[in-house]
Amino acid sequence: MKAAAALATHLDRWRAAIPAEPTALWSWIEAADAGAVDALLAVCVAAGADAGGADWTLPDGTAEPAARVAALAGLDSTAWWRPTRASYLDRVPKALIAEAVREGVGEEAVKPLAGARKADMAETAAGLLDGVGWVPRLLRVPAALAVEAAATARPAAE
């Protein structure tokens, strides 16, 4: 919900900042600097974009459009989402909890979880994963796209 609240705040600010009349809006956009237009476009895309649970690729193996937008925007899911019991750990099987701990903390951290009840495993994992920046694969923008986006990003007008 942190991301939704931030998006709502950005939308409210833009609604207050731009003219309501379509003809005045176009004049405002033409007069605005590139940074302001880019920021407006970013919030418009953010309001309408939905990766739809995609794994960031299309059936032919090319990048999902949402992945390209996320990469170009510099999306960092770790700033907006944490693997808590409520958000993830209580909702997935024990194998995925172990995978999360393995990826986020390391193989040694998984060993004490073996044989634990799921609730205990989720509680321990929540503590282990707190603050390490781990997110599930579906929330990770592919590194190759992020590198591509950085290399091709349009520089802001000075």
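The values are calculated or read from the model by the stated rules, or taken from the named source; none is laboratory data. Everything numeric in this text was worked out from a predicted model, so none of it was measured. A quick note on method: Cβ atoms are made from the backbone with ideal geometry, for glycine too, and the neighbour counts reach across all protein chains shown.
Can you pull out every residue in the stretch 131-150 that is under 16 Å from Val69 (Cβ atoms), surrounded by 15 or more Cβ atoms within 10 Å (Cβ to Cβ) and modelled with pLDDT of 75 or more? The answer is Leu139, Arg140, Val141.
Taking every residue in the stretch 65-87 that is outside the structural domain of Val105 (by TED's automatic domain parsing) and more than 13 Å from Leu139 (Cα to Cα) and pairing it with any residue that is of a type outside the set (Phe, Trp, Tyr) and outside any helix (DSSP H, G or I), at least 6 positions away or on another chain, the pairs with Cβ-Cβ distances below 7 Å are Val69/Ala49; Leu72/Ala153. Every condition in (1) closer than 24 Å to Trp80 by Cβ; (2) modelled with pLDDT under 90 is met by Leu58 except one, and the failing one is (1).
Hey, any hits in the stretch 26-49 for a residue that's touching a Pro at 6+ places or on another chain (Cβ under 6 Å) and modelled with pLDDT of 80 or more? Quick ask: steps written out before the conclusion?
First, the residues of the stretch 26-49 that are touching a Pro at 6+ places or on another chain (Cβ under 6 Å): 28.
Right, trim to modelled with pLDDT of 80 or more and you get 28.
Yes: one or more hits.
Restricting to helices (runs of 4 or more DSSP H) lying wholly in the stretch 8-123: which have 2 or more residues that are among the basic types (Lys, Arg) and surrounded by 11 or more Cβ atoms within 10 Å (Cβ to Cβ)? Spell out how you get there, then give the answer.
Details: elements: 22-31, 34-48, 65-73, 94-104, 107-110.
So the answer is 94-104.
From the list Ala39, Ala5, which residue is under 30 Å from Tyr88 (Cβ atoms), of a type in the set (Gly, Ala, Ser) and under 22 Å from the mean Cα position of the chain (by Cα)? Break it down into steps so the answer makes sense when it comes.
Values: Ala39 fails: under 30 Å from Tyr88 (Cβ atoms).
Checking each option against the conditions leaves just Ala5.
Among residues of the stretch 79-110 being out of contact with any helix residue (DSSP H, G or I) (no Cβ under 6 Å at 6 or more places or on another chain) and of a type in the set (Lys, Arg), the one that is nearest to Leu129 (Cα to Cα) is Arg82.
What's the total number of residues in the stretch 12-41 that are of a type in the set (Asp, Glu) and either in contact with a Phe, Trp or Tyr (Cβ under 6 Å, 6 or more places away or on another chain) or in contact (Cβ under 8 Å) with a residue 40 or more places away in the chain (or both)?
Initial filter on the stretch 12-41 (of a type in the set (Asp, Glu)): 12, 21, 30, 33, 38.
Checking which are either in contact with a Phe, Trp or Tyr (Cβ under 6 Å, 6 or more places away or on another chain) or in contact (Cβ under 8 Å) with a residue 40 or more places away in the chain (or both) leaves us with 33, 38.
So the count comes out to 2.
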